[in-house]
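The values are calculated or read from the model by the stated rules, or taken from the named source; none is laboratory data. What you see is a predicted model; the values in this text were computed from it and never measured. Quick reminder, even Gly has a Cβ in these numbers, built from the backbone with ideal geometry, and neighbours come from all protein chains shown. Quick note on the areas: whole protein, heavy atoms, side chains included, nothing else; ligands and nucleic acids left out. Shrake-Rupley method; radii C 1.70, N 1.55, O 1.52, S 1.80 Å.
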Amino acid sequence: MRIDAELTRFEASTSSGQDPGRDLSFVRTNLISYYGYGQKGGSENCEACKNHPTFSGLRDNYARLDVRLRALEVKYNKCTYGYRMDNGDILKPTYDWSPDEWASIRNKAKHQTSRCWLNADPDHYF
């Protein structure tokens, strides 16, 4: 998978001192594009899709890739990815949210979208 390969390449390059910088944003965009509908239960809420045997694999893959990408984002871009709420909390997207929870979080979040919020300046994003 391309996302896994890109993360592996960045992890290898950072061990030799290279900073992936803005390139991490492209990996995050690919991760969102590939897994985003799955998080929301399909392009429409689809219980049959959630019960399909491959769904748990998507769920596990997303979680594994997200952990790796978050580590790089925090270290090199100094940001935390997710939905920023009015109280300052940053909620990371997860397959555990129901479609109603997903919609509610998006409606309440700053800019109604997820971003990589700067750790040193939480009102701004990368």
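The charge dipole of the chain, taken about its Cα centre with unit charges on the Cβ atoms of Lys, Arg (+1), Asp and Glu (-1) only, comes to about 160 debye. Under 1.5 on a/c is rounded, so check that first for region 59-126, then, if it is not, pick prolate when a/b is larger than b/c and oblate when it is not; a ≥ b ≥ c are the square roots of the alpha carbon gyration tensor eigenvalues. Oblate is the answer for region 59-126, as a/c is 1.5 or above yet b/c matches or exceeds a/b. Amide H to amide H distances under 5 Å link TYR81 with TRP117, where only residues 5 or more positions off or on other chains count and H is placed in the peptide plane.
Carbon-plus-sulfur accessible fraction, region 83-124 (probe radius 1.4 Å, protein heavy atoms only): 44%. Principal axis extents of the C-alpha atoms in the chain (largest first, rounded to whole Å): 46, 35, 16. Normalised per residue, the accessible area of the chain is 60 Å², obtained with a 1.4 Å probe and no contribution from ligands, DNA or RNA.
Could you work out which residue, out of ASN87, ASN77, ASN107, moves most in a Gaussian network model of the chain, that is, has the largest mean-square fluctuation with Cα springs under 10 Å? Looking only at ASN87, ASN77, ASN107, the biggest GNM fluctuation is shown by ASN87.
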